[in-house]
Each structure stands twice: as C-alpha cells, then as structure tokens.
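Here's the structure we're looking at; comments come further down.
The values are calculated or read from the model by the stated rules, or taken from the named source; none is laboratory data. Not measured: the values here are computed from a predicted model. Glycine also receives a Cβ, built like all others from the backbone with ideal geometry; neighbour counts cover every protein chain displayed.
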Amino acid sequence: MRSIVNWALLGLVIDRSSYAYELAQRFERTYGDALALSSVSHVYTAIGTLRDRGLIEELPGTREGRQPKPHYRATESGVAEYREWLGGQICEDRQRQRLFIQQLAALSRHPEAALEILDRYEQACLEEACLTPIAAAGKDGRERAGELVDRLMGEEGRLAVGPKLEWAQYARQQFQALADAQQRGR
Amino acid sequence: MILLSLERVGKRYPRGMGERTTLREVSLEVDSGEYVVVWGLRGSGRSTLLRIAAGIETPDEGVVRFAGRDLADHGIEILGEGIGYCQQTHPPGQGLRVVEQLTVTLLARGIAPARARTRAHAALERTEIAHCATLTTEELDSGDAVRVALARTLVAEPQLVVVDEPTSGVELADRDGILRLLRSLADEGIAVLASTGEATGLSGADRTLVLGDGQLRGSLVPKLAPVVALREAAGGRAGG
C-alpha cells in the first residue's frame, strides 16, 4: 500500500475506532496542512482498501439503527503492518538527509554557494526551535492523543535541531576551508 | 525601542605567544521586552558575548550601548540599574538563606530594610520559589538554584536580564518551567538575552541566533512593527 493518506487513516483507527465522517474530521484536525484528503469520499475509498487488506474491520453492532454509522477498528494485522511501515519511514527520513548532504557536496567547486545554503539551513533550524512551544506543565498520564502528539512533536523538534546546528557548523568549516583554498589559488 | 546594541564588537584573548579571537565584528540589537537566545557550541564565545553585553567585560573593538548610553563610559552604573546579569553561582560559605541573599543585595543599594524584605519576597514569588525563602544555597536543587539566581537578578528591577545557560544542568522536568519563566519576563516588558548550548533552550524565544567561529548569525535585528500607511483623509492628504 503506497498511499500515505491510507497509512495515516489506519493510524487514526489504531488510536481510536471511528466512523467514516468522524475519521475525515480527525484527519483534518491531526494532519492539518501536512496531509490532505481530496474529499470526504476519499475516506470511504481508503476504508474500502484497508478493509480489503484486512487491516481494519467493522465494529459489530454499529451498523444498526435508523442512521447506521459503522465504526471501524484496527485488526492485529493492521497494527503489525502499521508498525512495519512506520519503521520504514525512519529510513526514509535518514535517506532524505543523506540526499541533501550529497546534493550540497555537489557544490564543492562553488563553496560560497554552499555556505549560503548552510546559512538558510541554519536559519530554518533556528526558526523551528524558536517556534517549538514550551511544553505545558506535567500531565498525569491521562492526556488525549492530540495532546500527546503535540508534546512528542515539540520535544522531537527541539532535540533534533541541536545536532543539525552542530552539523551545520562542521559543514560550514569544511566549505569555508574550500573557499579559502580557492582564494589562495587565484 | 532598541534597549541594547552591540556594534562590530571584537574580543581577543592572549594564547601562548599569540592571540585567540573569540568575537569578530559581532553586531546585535535587543528590543525592550524581547527574548533573544544565542546558541553556540562550547568555546564558541557565547559567555564572553553575554559578559560584554552586560558590561562586565569590555570589548577590544566596537561599541556596546544600553538605552543609548555607551557601556564603556557608564558600565558599572548601568549594570547596577538597567542590566541584571544573572550570576548562577553564589559565593558559598556565607550561610545566608535565600531571602537574605536577596535582601542584602538591596540593602547594599541603600534600600530600607522593610522595603528590601518586601521586594525580596516579591521576587521569590515572581520566580515561583517562595517555598525556598528560608533555604540556603546548598539546599537547593538545580532548577530552584536557577530560579533563585533569577530572583537575585530581578530584585533589582532591571530592564534587561542577561543569563548564561539558564537550563544547563537542570533536570528535564524543570527545564521548561524555567523557559516559561524567561518567556513571561519578556511578556512583561523585561528584555532577556540568554545563551544555550542545547537546542532545547531555544524554545519560546522571539529570536534565536548562532555563534560560531566568533561570528553571530541569524536575524541580528529585531523585527520592526509593520508600517501602516495612513489613509488619505477626505479632500486632502493624511497628516505627516
């Protein structure tokens, strides 16, 4: 399954069983601008795919009544496959960073351009750290998933920026040495 | 309003037979009520930068101004009045309780004892450590020690607080509380200039800067409020 939206919807169902319209609302609240549904019917299509693959199932008894709202919950196989997919995402993140470094290194004959890119990289890191909200006072462990997401995102953002800034310092020294060598060679 | 400005500041220290350049043409402006954090690796010069900004050290080159006054001419008096340098270490062995440490600072400035005591307690309330008033420095945990240091600074009612690595060595659970406190000082109109070696210490700041190889990078000047054009009055130009 390649659709990141399908995986994101599966994650929401794993977090809490929901019916289709509710899932669409939770999706928008959770992912905001980061991921988009083309329409609410996108959710129905995704639910069909997830059901066909045995990743979610209908919660018994929720299709009854005058206005049936079938709720869906994750199957054991759904949780296992989600975990597997999420593990793969870690590698993808690393690959993106490696790709950036390889592309930056392509500027070794134009170190001034690389230094300018590093300025922007550093600036983006600073802005991210600056905008990360300070965590609220400690919770008693009964927080909702949304609050947990905020806390985890905030901490991940803050902790990840430090090594990136350190790396930028190191990269800057390397490209500065190249720039100095070019200057001497002229 | 620009409260603090550093213009092309340079600082060198002797090393062996030569010199080591710690700061090179550093320029920076801090606005009233602004919270600015400088990130740098160990040995980057971040502590030197803060001491120069506070008027404790003099630069070899450049000018440092506080509220328009050159610190080279008024350093000591400004340090006493407008700038509060947060000294996190308190001379040990004095045996003074926390509230006494704050009171002594004010008594030395000629404040009457009753007034000094009231202000000391208010500063401890402000930094949320009223419960530490009767403890000695040795009895404080890492987070409370930082809050006491901030209280010692705030008791003098500065316009600018300069604090070097406020969250260094502070337990994770206490760290955000200290960052929230610094943020709230800025929200009340007290400018804060802090340094950090950890990216976690950047949270909540209005501006963050990087110090490396003696140079400061990032947005060195505060963002100005947007200029809004005056609407043209009927039948004529807006005043101006």
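From the set of residues in the stretch B:24-71 that are within 14 Å of chain A (Cβ to nearest Cβ) and at positive phi, which is surrounded by the fewest Cβ atoms within 10 Å (Cβ to Cβ)?
Per the criteria, the residue is B:43.
Kindly provide the set of residues from the stretch B:162-176 that are buried (at least 21 other Cβ atoms within 10 Å of the Cβ) and facing chain A (nearest Cβ under 10 Å), ordered by number.
B:175, B:176
Spot the failing condition for residue A:61; the list is (1) small (Gly, Ala, Ser); (2) modelled with pLDDT under 90; (3) in contact with a Ser or Thr (Cβ under 9 Å, 6 or more places away or on another chain); (4) over 24 Å from residue A:149 (Cα atoms), and only one is missed.
It is condition (3) that residue A:61 fails.
Just one of (1) within 11 Å of chain B (Cβ to nearest Cβ); (2) at pLDDT below 90 trips up residue A:95, so point out which.
Condition (1) is where residue A:95 drops out.
When you scan the stretch B:139-147, do you find a residue that is more than 14 Å from chain A (Cβ to nearest Cβ), without any contact (Cβ under 8 Å) to a residue 12 or more places away in the chain and either at negative phi or polar (S, T, N, Q) (or both), even just one? Break it down stepwise before answering.
Quick first cut of the stretch B:139-147, residues more than 14 Å from chain A (Cβ to nearest Cβ) only: B:139-142, B:144-147.
From the residues that got through so far, the ones that are without any contact (Cβ under 8 Å) to a residue 12 or more places away in the chain too are B:139.
Filter again for either at negative phi or polar (S, T, N, Q) (or both), leaving B:139.
Checked against the condition, which is being more than 14 Å from chain A (Cβ to nearest Cβ), without any contact (Cβ under 8 Å) to a residue 12 or more places away in the chain and either at negative phi or polar (S, T, N, Q) (or both), the stretch B:139-147 yields at least one hit.
What do you reckon, is residue B:54 in contact with a Gly (Cβ under 8 Å, 6 or more places away or on another chain) and either of a type in the set (A, V, I, L, M) or modelled with pLDDT of 95 or more (or both)?
On the way: in contact with a Gly (Cβ under 8 Å, 6 or more places away or on another chain): no; either of a type in the set (A, V, I, L, M) or modelled with pLDDT of 95 or more (or both): yes.
For residue B:54, the condition - in contact with a Gly (Cβ under 8 Å, 6 or more places away or on another chain) and either of a type in the set (A, V, I, L, M) or modelled with pLDDT of 95 or more (or both) - is not met.
Would you mind finding the one in B:153, B:134, B:208, B:196 that is among the β-branched types (Val, Ile, Thr), touching a strand residue (DSSP E or B) at 6+ places or on another chain (Cβ under 6 Å), surrounded by 24 or more Cβ atoms within 10 Å (Cβ to Cβ) and away from chain A (no Cβ under 14 Å)?
Details: B:134 fails: surrounded by 24 or more Cβ atoms within 10 Å (Cβ to Cβ); B:208 fails: away from chain A (no Cβ under 14 Å); B:196 fails: away from chain A (no Cβ under 14 Å).
Answer to the check: B:153.
Take residue A:78 and tell me if it is in a helix (DSSP H, G or I), surrounded by 15 or more Cβ atoms within 10 Å (Cβ to Cβ) and either at pLDDT below 90 or touching a strand residue (DSSP E or B) at 6+ places or on another chain (Cβ under 7 Å) (or both).
Details: in a helix (DSSP H, G or I): yes; surrounded by 15 or more Cβ atoms within 10 Å (Cβ to Cβ): yes; either at pLDDT below 90 or touching a strand residue (DSSP E or B) at 6+ places or on another chain (Cβ under 7 Å) (or both): yes.
Considered against the rule, which asks whether it is in a helix (DSSP H, G or I), surrounded by 15 or more Cβ atoms within 10 Å (Cβ to Cβ) and either at pLDDT below 90 or touching a strand residue (DSSP E or B) at 6+ places or on another chain (Cβ under 7 Å) (or both), residue A:78 comes out as yes.
Mind checking which residues of the stretch A:98-129 are in a helix (DSSP H, G or I), among the small types (Gly, Ala, Ser) and more than 14 Å from chain B (Cβ to nearest Cβ)?
Residues of the stretch A:98-129 that are in a helix (DSSP H, G or I), as a first pass: A:98-105, A:111-129.
Cutting the leftovers down to among the small types (Gly, Ala, Ser) gives us A:105, A:113-114, A:124, A:129.
Of everything in the stretch A:98-129, those that are in a helix (DSSP H, G or I), among the small types (Gly, Ala, Ser) and more than 14 Å from chain B (Cβ to nearest Cβ) turn out to be A:105, A:113, A:114.
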